Amino acid sequence: MQLLTPQWKFVRADLDAGDLAALEPAFAELQQRPLLTADQLENWLLDESELQSRIGAELARRYIRMTCHTDDPAAQQGYLLMEQQVLPRVKLLADALDTRFLSAPALAQVGDGRFDVLVRKRKTQSEIFRPANTELQKQEAELQTRQQALMGSVTVQFDGKAHTLQQMAPYYESQDRGLRERAFRAALAERRKLWPELEQVYDQLVALRTGMAHNAGFPDYTPYRFLDLQRFDYTPAMCFDFHRAVAECVVPAVQELDQQRRQKLGIERLRPWDLEVDPSGRPPFRPFTSEPELIALCRTVFAAVDPRFGAEFDVLVQRQLLDLMSRKGKAPGGYQYTLEDDRLPFIFANSVGVHQDVQTLLHEGGHAFHAILSRHHDLLAYRDSPIEFAETASMSMELLGLEHLTASYTAAEASAAYRKHLEGVLRTLPWIASIDAFQHWVYGHPQHTRGERQAAWLQIRARFAPDVDYSGLEDALALQWTAQTHLFNHAFYYIEYGIAQVAALQVWRNYRSDPRAAVDAYRRALALGGSRPLPELFATANVKFDLSPAMLRGLVADVVQQLRAS
């Protein structure tokens with residue numbers, strides 16, 4: 001599959017997007033250009049998108065280097081240099097361009113709705129922008145880099161060798177309960193060493209973010225961040241309604257799964273090291289041992305869903321846009337980051353050979369296909385879809401791929417993975433609700449103490465995960481939240497996974513009824529990028545934006561039915 005490289009019409013091909021001296025003249029030219037006609041305005045927007053695409057790609061590459069090599073001081077310094085010296089000035093210059101755009105006489109001449117989404121985005125950005133916050137954002141980036149370095153440095157000495165936290169995952173699937181517990185406790189011992197510093201980092205982040213909100217005239221961080229995240233179609237009150245729906249419709253289903261798990265394992269209490277093992281007694285499944293094997297496995301699944309996905313995934317392989325295996329010095333987690341100059345996605349993961357790694361690559365592959373399908377939009381803003389729909393792209397691909405695991409697995413292996421993932425879908429929804437509820441509490445009580453924060457988390461988890469026994473590990477439960485990197489690096493970014501899961505379950509249901517129609521609708525929606533409002537994106541994918549108990553109840557019933565039939 002051939003994808004054309006974007007041609008530069010305004011920005012020089014050799015522009016150093018990490019050099020302010022090179023960037024300033026381009027911003028100045030845009031600031032001075034007349035915007036009297038529709039043609040002038042459209043050309044201005046395209047040129048501005050070129051410039052911002054180059055800057056975004058430079059930031060992306062520095063972030064990728066830093067997260068791939070957290071133990072490389074030069075990589076850290078390169079990223080922080082961009083965050084602390086280049087971006088603060090760029091944000092000031094970009095705010096001036098927002099003002100220029102919104103006041104342009106030509107804007108009134110464009111009446112076909114093409115720029116409605118763009119105007120709303122830029123108006124919101126302009127309204128909440130404060131120059132004083134650029135300094136706070138510099139400090140925020142430094143703290144976030146510190147958290148990444150901390151987590152990337154962890155090694156666990158176990159079973160005669162050193163492991164990253166991610167490399168401990170296979171032990172949690174062992175049928176030997178004693179081994180699972182020892183592995184859990186060994187990893188926990190290393191995590192404990194980080195808790196004081198992680199809490200300190202989080203204290204400082206909460207204070208900085210609250211300060212940003214105050215600077216922008218908001219009483220606390222929550223309403224400020226909702227606008228910053230462009231959440232135009234739902235409110236904090238709707239998030240609370242979703243929490244209640246999860247407690248009402250999902251938690252009872254998970255409790256039933258927990259009861260079945262206890263009975264199959266023959267134990268009285270479900271402990272935290274009992275959640276990943278196959279309760280039917282099947283030995284751990286190791287579907288791959290190397291990055292090429294993982295790539296080949298997932299490529300087969302993507303192509304089984306639709307051959308077009310297989311061809312699009314090949315682009316990432318050919319262009320070496322994958323870093324998938326866990327190693328020391330690598331930041332935790334996984335992500336897809338679009339290199340906006342090439343308009344191509346990069347996928348980062350921490351794979352260790354378990355099936356969950358396959359699901360992670362299916363997830364990030366969904367993001368990658370989103371980037372590829374929307375790359376035709378010349379406006380950068382229209383290649384950037386709402387987060388809620390970006391996660392719909394990824395979570396849908398997880399479920400669509402689940403239907404084709406037999407393309408790479410035996411029937412027994414596919415069946416076990418199928419059940420494990422569907423159970424995980426149900427278990428993840430209460431975790432999503434927990435993380436979101438926790439953030440609402442944290443930023444609604446910015447003067448809280450660490451003890452109050454831990455107590456709030458314990459109360460939240462008692463609501464959403466009442467059946468896992470942490471006796472003797474009370475501190476591990478109270479500080480369980482420190483393992484969720486989003487809390488540090490992407491404040492309030494988590495409810496999106498819940499909204500997206502509701503949508504993805506509908507895409508999956510549609511696919512089981514009519515695969516071709518469901519995939520075509522999914523691809524049409526992804527190709528819209530961020531050019532349309534969120535409800536229209538969902539409608540194009542033939543799903544509803546609905547977080548009600550009625551919707552959740554029906555979807556949970558469908559998942560439970562599929563589990564019983566598997």
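The values are calculated or read from the model by the stated rules, or taken from the named source; none is laboratory data. Computed from a prediction, not measured in an experiment: that's the story for all the values here. Cβ: placed from backbone, ideal geometry, glycine included. Neighbour counts: every protein chain shown.
Considering only the stretch 54-73, I want to know if a residue exists there that is within 24 Å of Leu322 (Cα to Cα), among the β-branched types (Val, Ile, Thr) and touching a Gly at 6+ places or on another chain (Cβ under 7 Å). Yes, some residue in the stretch 54-73 is within 24 Å of Leu322 (Cα to Cα), among the β-branched types (Val, Ile, Thr) and touching a Gly at 6+ places or on another chain (Cβ under 7 Å). Of all the residues in the stretch 413-432, those that are within 18 Å of the chain's Cα centre (by Cα) and either over 20 Å from Ala500 (Cβ atoms) or of a type in the set (S, T, N, Q) (or both) number 1.
Of the residues Gln484, Gln480, Gln459, Gln447, the single one that is within 30 Å of Val301 (Cβ to Cβ), among the polar types (S, T, N, Q) and modelled with pLDDT of 95 or more is Gln484. Of everything in the stretch 249-308, what is among the aromatic types (Phe, Trp, Tyr) and modelled with pLDDT under 95? Give them in sequence order. The answer is Phe285, and nothing else.
For the stretch 396-422, the set of residues classified as out of contact with any Gly (no Cβ under 8 Å at 6 or more places or on another chain), of a type in the set (D, E, K, R) and modelled with pLDDT of 95 or more consists of Glu403 only. Checking every residue in the stretch 408-421 against the condition of being outside any helix (DSSP H, G or I) and in contact (Cβ under 8 Å) with a residue 60 or more places away in the chain gives at least one match. Taken together, the residues in the stretch 239-267 that are surrounded by fewer than 17 Cβ atoms within 10 Å (Cβ to Cβ), closer than 15 Å to Pro430 by Cβ and among the charged types (D, E, K, R) amount to 3. Restricting Leu294, Leu270 to those that are of a type in the set (A, V, I, L, M, F, W, C) and either closer than 18 Å to Gly424 by Cα or without any contact (Cβ under 8 Å) to a residue 60 or more places away in the chain (or both) reduces the list to Leu270. In the stretch 13-37, the qualifying residues are those that are small (Gly, Ala, Ser) and buried (at least 16 other Cβ atoms within 10 Å of the Cβ), and the one that is farthest from Leu59 (Cα to Cα) is Ala26. Residue count for the stretch 503-552, restricted to those that are closer than 26 Å to Arg343 by Cα and outside any helix (DSSP H, G or I): 7. Scanning the stretch 307-340 for residues that are in contact (Cβ under 8 Å) with a residue 40 or more places away in the chain and on the phi > 0 side of the Ramachandran plot turns up Gly329, Gly333. Total residues in the stretch 223-241 satisfying the condition of being assigned to a helix (DSSP H, G or I) and within 19 Å of the chain's Cα centre (by Cα): the figure is 5. For the stretch 187-201, a residue qualifies if it is closer than 10 Å to Thr482 by Cα and surrounded by 18 or more Cβ atoms within 10 Å (Cβ to Cβ), and the qualifying residues are Arg191, Leu194, Leu198.
Scanning the stretch 341-366 for residues that are within 18 Å of Thr392 (Cα to Cα), without any contact (Cβ under 8 Å) to a residue 60 or more places away in the chain and among the small types (Gly, Ala, Ser) returns a single hit, Gly366. If you go through the stretch 348-377, how many residues are of a type in the set (Asp, Glu) and either more than 21 Å from Arg319 (Cβ to Cβ) or modelled with pLDDT under 95 (or both)? Residues meeting the conditions: 1. The number of residues in the stretch 156-178 being crowded, with 16+ Cβ neighbours inside 10 Å and either free of Cβ contacts under 8 Å to residues at least 60 places away in the same chain or farther than 24 Å from Arg261 by Cβ (or both) comes to 7.
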